[in-house]
1. Count the DSSP beta bridges whose two residues both fall in the stretch 254-487, then state the antiparallel fraction as a percent rounded to the nearest 5.
2. What shape does the stretch 21-121 take by its C-alpha gyration tensor, where a ≥ b ≥ c are the square roots of the eigenvalues and a/c under 1.5 counts as rounded, a/b above b/c as prolate, and the rest as oblate?
3. For the pair Val363 and Asp200, what calculated FRET efficiency results from E = 1/(1 + (r/R0)^6), where r is the Cβ-Cβ distance and R0 = 51 Å, to the nearest 0.05?
4. Could you grab the relative contact order for the chain? Cα pairs under 8 Å, six or more apart, rounded to a whole percent.
5. What percent do you get for the relative contact order of the stretch 254-487 when only Cα pairs under 8 Å and 6+ apart count?
6. As an exercise, identify the chymotrypsin sites (Phe, Trp or Tyr not before Pro) in the stretch 329-438 lying in DSSP coil whose Cβ has no more than 12 other Cβ atoms within 10 Å.
7. When ranked by the protection proxy of mean other Cβ atoms within 10 Å per residue, highest first, what sequence do the peptides 281-293, 88-100 form?
8. In this model, which of Lys12/Lys383; Lys2/Lys43; Lys325/Lys383; Lys290/Lys401; Lys43/Lys357 are farther than 31 Å apart at the alpha-carbon?
Amino acid sequence: MKFHVEARDVVKRFGSTTALNRAGIRIAEGETHALVGRNGAGKSTLVSILTGLQRPDEGEVLFSGEAAPALADRDAWRQRVACVYQKSTIIPALTVAENLFLNRQTTGGPINWRALRARARELLDTYEVDVDAAALAGDLGVEQRQLVEIARALSFGARFIILDEPTARLDGQAIERLFTRMRALREQGVTMLYISHHLDEVYEICQSVTVYRDARHVVTRPVAELPHDELVAAMTGEATVAYQARLRTAADRVVLSSAGLSLAGRYQDVDLAVRSGEIVGLAGSGSSGKVGLAETLVGLRRADSGTVTVDGVQVKPGSVPAALKAGLGFVPEDRHHEGFVPLLSVGENATLPIAGKLGRFGVVSPARRRAKAVQMIDSLDIKTEGPDQPVADLSGGNAQKVVFARALVDDPSALVVINPTAGVDVKAKQALLGAVEDAVERGAGAVLVSDELDDLRICDRVLVMFHGRVVRDVPRGWTDHELVAVMEGIED
């Protein structure tokens with residue numbers, strides 16, 4: 001078999017931490033190869049080495065049997081490999097055309113903008129990306145930004161593309177469209193490395209899978225020859241059972257409600273009531289309005305009409321501080337942009353909402369902050385070197401736990417969480433869903449928005465939204481077919 005990409009006996013250390021320990025991967029030409037493992041297994045470190053951002057301490061990387069180019073030769077790397085990251089690298093303030101040919105606008109002299117846009121339209125047409133080349137990239141949806149990044153990667157001539165959690169923020173229809181594009185690229189001979197925590201996607205789109213655990217290569221097998229339970233066991237080192245949602249009885253007290261809430265282009269006339277001890281799910285397609293509604297509840301968006309009440313207090317519209325002060329905890333959709341401050345420590349991020357309570361005269365007591373941070377680290381089992389470690393150094397699952405810590409640190413009366421398990425591994429998913437249920441058992445009420453049906457199973461009921469309206473209140477006990485049918489507007 002001819003291999004497009006090989007990494008052999010790669011070792012990478014960061015101080016006392018060994019991120020890769022004699023790890024490797026071999027990817028055949030023209031295949032879509034999955035790389036899976038728990039957060040911290042070494043996947044991101046391997047990607048940084050395959051893309052030339054890091055040099056291995058030991059081992060080698062080969063492309064079609066040839067040694068990888070020098071790190072300084074960025075053009076040579078781009079012609080070999082390109083990566084579409086979970087965190088978008090598109091620059092919002094630039095147009096699509098400018099993003100596609102960033103640093104390649106001209107070979108000398110002034111930029112010919114008309115010719116640049118024409119080149120961009122030709123590139124987009126070639127890869128069937130239905131996006132206006134003159135549009136601002138910041139106005140694009142998540143799916144469109146990803147397709148632009150794929151087109152940009154292919155424009156360098158790279159025939160090997162790494163897709164890092166590409167479906168983390170896409171809904172079902174967008175995922176299927178992405179898979180259709182991936183299958184077409186594979187037919188054109190493009191080799192892909194697909195990184196995902198969604199194992200069902202691995203079985204749907206990939207031909208082979210490699211598992212990393214604890215910085216080491218564990219197994220590489222054809223997907224068709226590796227049963228699901230064996231794959232999970234390889235990732236975790238043990239058999240993992242599905243998360244079991246808990247049974248509970250909600251109280252009568254309403255802790256979060258909305259009345260007549262409307263926002264043009266997002267949702268219309270939404271009445272909502274969440275009781276203490278209750279988890280209410282919000283489900284629907286990407287255009288259903290569910291995320292916009294959740295963001296309005298926490299003050300990130302300002303409704304055109306209607307009110308939001310938290311624990312009996314009507315909250316000032318469009319004000320996150322007012323919502324937090326009223327007793328709301330919030331886990332946003334995108335932890336990278338809204339969830340944490342990368343340059344601050346784990347302890348600082350976890351205690352941001354209560355900084356004013358950790359000292360006198362506007363000065364935070366380091367000892368009190370540290371003590372509270374340690375308490376949150378212990379309660380959520382955050383794998384960290386301590387509260388002083390920068391949050392940006394954590395794996396995705398542990399970074400998400402820090403976001404949960406910030407949401408829970410002030411013992412909120414109500415909790416709003418959006419896609420809480422996006423981009424995290426099996427064990428971290430269980431811990432995060434457990435954290436929501438723990439908060440509810442302490443008396444909070446919760447709104448859980450998710451594209452993952454497994455997340456919604458912990459809900460006592462699920463409100464399904466379709467084109468901006470709540471169309472069904474579905475009690476616990478639904479089947480996948482029943483819920484998806486309502487979400488897609490095709491119920492019997």
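Just so you know, all these numbers are worked out from the coordinates, no wet-lab data involved. These numbers were taken from a predicted model, which means no experiment stands behind them. Please note: Cβ atoms are built from the backbone with ideal geometry, for glycine as well, and neighbour counts cover all protein chains shown.
1. Working: 22 of 39 bridges.
In the stretch 254-487, approximately 55 percent of DSSP beta bridges are antiparallel ones.
2. Because a/c hits 1.5 or more and a/b exceeds b/c, the stretch 21-121 counts as prolate.
3. So, using R0 = 51 Å, E works out to roughly 0.50.
4. Dividing the mean separation by the residue count of the chain yields 15 percent.
5. Across the stretch 254-487, relative contact order equals 28 percent.
6. On the way: sites: Phe330, Phe340, Phe361, Phe404; in loops: Phe340, Phe361.
Passing both the DSSP loop test and the Cβ count: Phe361.
7. Values: 281-293: 23.6, 88-100: 18.4.
Going from most to least packed, we get 281-293, 88-100.
8. Lys43/Lys357
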